[in-house]
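K.L.:
The structure under discussion is supplied below as structure tokens; questions concerning it will follow.
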Amino acid sequence: MNADQTVEVLRAAGEPTRLRVLSLLAGEELSVMELSRILEQSQPRVSRHLKLMADAGLIERFPDGARVFYRLSSDPLARRLIDTVLDLLDASEGEADDRRLEEVRREREAAAGAYFERVAPQWDRMRSLYVCESAVEAAILEAAGEGPFERVVDLGTGSGRMLTLLGGKARMSIGLDLSQNMLNLARANVTRAGLEKVELRHGDIFSTRLPKQSADLVLVHQVLHYLADPATAVAEASRLVASGGRLIIVDFAPHKLEQLREEHQHRRLGFADDEVKHWLAEAGLQPSAPIVLPPDVEGLTVSIWTADRPAVAEANAA
Ligand SMILES: C[S@@+](CC[C@H](N)C(=O)[O-])C[C@H]1O[C@@H](n2cnc3c(N)ncnc32)[C@H](O)[C@@H]1O
């Protein structure tokens, strides 16, 4: 950064509300609506601050359907500057904001959690409402490869469909989910499928507590669009991928079905290839070109992103 750019960036950060925004976005990406609520300022006012900071390269703006979200810049120099500035702030400065952020988060998680507990019994039918399930599953099987797999981990397993789809190729599998109702269904489904070596765990995709590089196949099927911080979930999923192993993420390509937010608790209306590939590469995996399935009647397109952790060469290899 030259001197002029540094001054511009410092100016953009040098205002109390803008420092608060930086501190909040260091925690997670947020919509204008959420920021305005946490900062207790009107949306137009918050938008003005955000525009200035985005123009200076401190934060990134990304529209998602009719909403606009913001996150910290991914530029390493800008990040260094932001970290330095935030380090200087007294921890007590942001306490009220953190409390309101926590409130927003709790409400969001409670709404999503209640939704999954409620829809669990119908989930297997609902999954196929939007897309052609058999085509998606055939593509997932192909993307996973032949196997056999030592350990398959399915994050946000829901009713366990990925476990039953791939379980036959796995020596053991783990399905993790936040919803107990979903886990109960998954238990019934894997038993019905005759799969024995399957563990179903209550847990959070953001901190799975599973050992690093412990699975040769990790799946995140139709989960990312519910999450407040999909980048962190991708990092955690990637952390689990063993040397020579593979991560498969299945989700929607960007779409315009706003009603899915209200009716089905979607937070993000799909993901662009570049965004997901960037997260995968940041997490140290090698992404392949995504598989994009043909859109359904509503215009929803399913994308399958795969990424590998290169095999570590044997120490004594010739
Ligand atoms: C749309 S369902 C998909 C389930 C399954 N992967 C499938 O495709 O059938 C999303 C699942 O993610 C789970 N989920 C949402 N947030 C989660 C989190 N933070 N950690 C773990 N699971 C989560 C929900 O409980 C739900 O079962």
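K.L.:
Please find, within region 89-104, the residue that is nearest to Val220 (Cα to Cα) out of those that are surrounded by 13 or more Cβ atoms within 10 Å (Cβ to Cβ) and modelled with pLDDT under 90.
P.N.:
Result: Gly94.
K.L.:
Continuing with this model, one more query. Check off (1) over 12 Å from Leu219 (Cα atoms); (2) buried (at least 20 other Cβ atoms within 10 Å of the Cβ); (3) within 14 Å of the ligand (Cβ to nearest atom) for Phe149 and give me the number that stays unchecked.
P.N.:
Result: Phe149 fails condition (3) only.
K.L.:
Which pairs have Cβ atoms under 7 Å, sit 6 or more apart or on different chains, and link a residue in region 145-161 that is assigned by TED's automatic domain parsing to the domain that holds His221 to one that is aliphatic (A, V, I, L, M) and in a loop (DSSP other than H, G, I, E, B)?
P.N.:
Val153/Leu210; Val153/Leu240; Leu155/Ile205; Leu155/Val223; Gly156/Ile205; Gly156/Val223
K.L.:
Might you let me know whether region 178-194 holds any residue that is more than 9 Å from the ligand (Cβ to nearest atom), part of a loop (DSSP other than H, G, I, E, B) and either over 21 Å from the mean Cα position of the chain (by Cα) or crowded, with 19+ Cβ neighbours inside 10 Å (or both)?
P.N.:
Yes, the conditions are met somewhere in region 178-194.
K.L.:
Output yes when any residue across region 264-274 is free of Cβ contacts under 8 Å to residues at least 12 places away in the same chain, of a type outside the set (Lys, Arg) and away from the ligand (no atom under 16 Å from the Cβ), and no when none is.
P.N.:
yes
K.L.:
Identify, from the list Val21, Val32, Val85, Val7, the residue that is closer than 27 Å to Glu258 by Cβ and surrounded by fewer than 19 Cβ atoms within 10 Å (Cβ to Cβ).
P.N.:
Sole residue among the options that is closer than 27 Å to Glu258 by Cβ and surrounded by fewer than 19 Cβ atoms within 10 Å (Cβ to Cβ): Val32.
K.L.:
Which number in (1) touching a residue at least 24 places away in the same chain (Cβ under 8 Å); (2) surrounded by fewer than 16 Cβ atoms within 10 Å (Cβ to Cβ); (3) in a helix (DSSP H, G or I); (4) out of contact with any helix residue (DSSP H, G or I) (no Cβ under 6 Å at 6 or more places or on another chain) marks the one condition that Glu117 misses?
P.N.:
(4)
K.L.:
Restricting attention to region 219-236, which residues are within 11 Å of the ligand (Cβ to nearest atom) and either more than 19 Å from Ala112 (Cα to Cα) or in a strand (DSSP E or B) (or both)? Please lay out each step first, then the result.
P.N.:
Residues of region 219-236 within 11 Å of the ligand (Cβ to nearest atom): 219-230, 232-233, 236.
Correct list: Leu219, Val220, His221, Glu236.
K.L.:
What are the residues in region 189-231 that are closer than 26 Å to Val32 by Cβ and free of Cβ contacts under 8 Å to residues at least 40 places away in the same chain, if any?
P.N.:
The one that is closer than 26 Å to Val32 by Cβ and free of Cβ contacts under 8 Å to residues at least 40 places away in the same chain: Phe206.
K.L.:
What is the one condition in (1) near the ligand (Cβ under 8 Å from one of its atoms); (2) at negative phi; (3) surrounded by 17 or more Cβ atoms within 10 Å (Cβ to Cβ) that Phe206 does not satisfy?
P.N.:
Unmet condition: (3).
K.L.:
What's the total number of residues in region 205-250 that are among the acidic types (Asp, Glu) and at pLDDT 95 or above?
P.N.:
2
The values are calculated or read from the model by the stated rules, or taken from the named source; none is laboratory data. Keep in mind that this is a model prediction, so the values were computed, not measured. Cβ atoms come from the backbone with ideal geometry, glycine included; neighbour counts cover every protein chain shown.
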